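Please read the structure below before turning to the comments.
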Amino acid sequence: MHTSHRRLPLLPLPLRRVGLAAVGAAVLLGLAAGPAAAHAEVSASDPRALAENVTLSFTSEAESDTAGITELRVVLPEGIAPDAVTLKEAPKEWKFTATPDGYSVGGAALATGTDAEYSITVRQLPDAKSLAFKTLETYGDGKVSRWIETPTDGRKVDNPAPVLKLQPAAPGARPIAPSPSPTPTPSTPNAQPSSSAPPAPTPAPDTQRADAADPADTEGNTGVVVAAVAAVVVLGGAGAFRWTRRGRQS
């Protein structure tokens, strides 16, 4: 008695090719779903609006196979002034420099493939829902990666800027008042001069007054009067002597 074994029919060649193509497409899709392109990120020690003395940590992924990152140039979002930011930690020998619209941090080139990580301290975060830190990455070979685009309406962008989403402010949180600038004290119209102030100069008295006579002039006038009186007396005496003499001769 013979037992017959039936073989399963093979798929036609065209169908087998279609199956192999489907498997290849699945592999490609899996590769496409892998890690995204390099980008920059930011996180906060206290991600709440109006939080004070917050540490912001940044990571810029290295995307060059031939050179390392030498500088990161950041444009601060509205509500954070450059003078309200200080460097907390950065790669060795990297320096922090404030710019009119943000800051830059950089120095000797990092090893090729090494991400740039640093942190700053912000005096106070603004009252906002999110903050975008537009970043330019410069490499030792002069290449610049621009992470400056901000997504709108939920759309994805090719070069997204680091965005920090903020939670609502803590109860009672208020914006920090700016440091008051010194203002001059207004003068009081009837205020008495300070004892330490030098006295106002007084005009020097006149050496001669219009209605006061000089003693020398007085003495001169007196001498003239006396001389005149003496002359009158002499002349009068001489006239009397002549008149008397004439009377006797007659």
Quiz item: Once phi is turned into θ = phi - 60°, what whole-Hz ³J(HN,Hα) does the Karplus curve with 6.51, -1.76 and 1.60 give for every residue of region 81-89, x standing for Gly and Pro?
Solution: 8, x, 6, 9, 10, 10, 7, 9, 8
Quiz item: If you plug each phi of region 61-69 into the Karplus form 6.51 cos²θ - 1.76 cosθ + 1.60 with θ = phi - 60°, what whole-Hz ³J(HN,Hα) values come out, in order, with x for Gly and Pro?
Solution: 6, 6, 10, 9, 8, 10, 8, x, 6
Quiz item: Taking K95 as the anchor, which lysines have their alpha carbon closer than 25 Å to its alpha carbon, excluding any fewer than eight residues away along the same chain?
Solution: K134, K143
Exercise. Search the structure for amide H atoms under 5 Å from the amide H of L166, placed 1.01 Å from N in the peptide plane, and list their residues when 5 or more places away or on another chain.
Key: S130, L131
Self-check item: Cα extents of region 72-170 along the three principal axes, largest first (Å)
Solution: 40, 32, 22
Self-check item: Fully extended contour minus Cα-Cα distance, from K143 to I176, at 0.36 nm per residue
Solution: 7.9 nm
Practice problem: Give me the distance in nm between label points sitting 7 Å out from Cα along the Cα-to-Cβ direction at V75 and T112, one decimal. | Solution: 3.2 nm
Exercise. Enumerate the amide H contacts of Y103 below 5 Å, restricted to partners 5 or more residues apart or on another chain; note that Pro and chain-start residues carry no placed amide H.
Key: V74, L76
Quiz prompt | Amide H contacts under 5 Å for A62, placed H, 5+ residues apart | solution = D115, A116
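The numbers here are math on the coordinates, done by the rules we state, and not lab data. Predicted, not measured: the structure shown is a model, and the values here were computed from it. For neighbour counting, all protein chains shown are included, and Cβ atoms are generated from backbone atoms with ideal geometry for every residue, glycine included.
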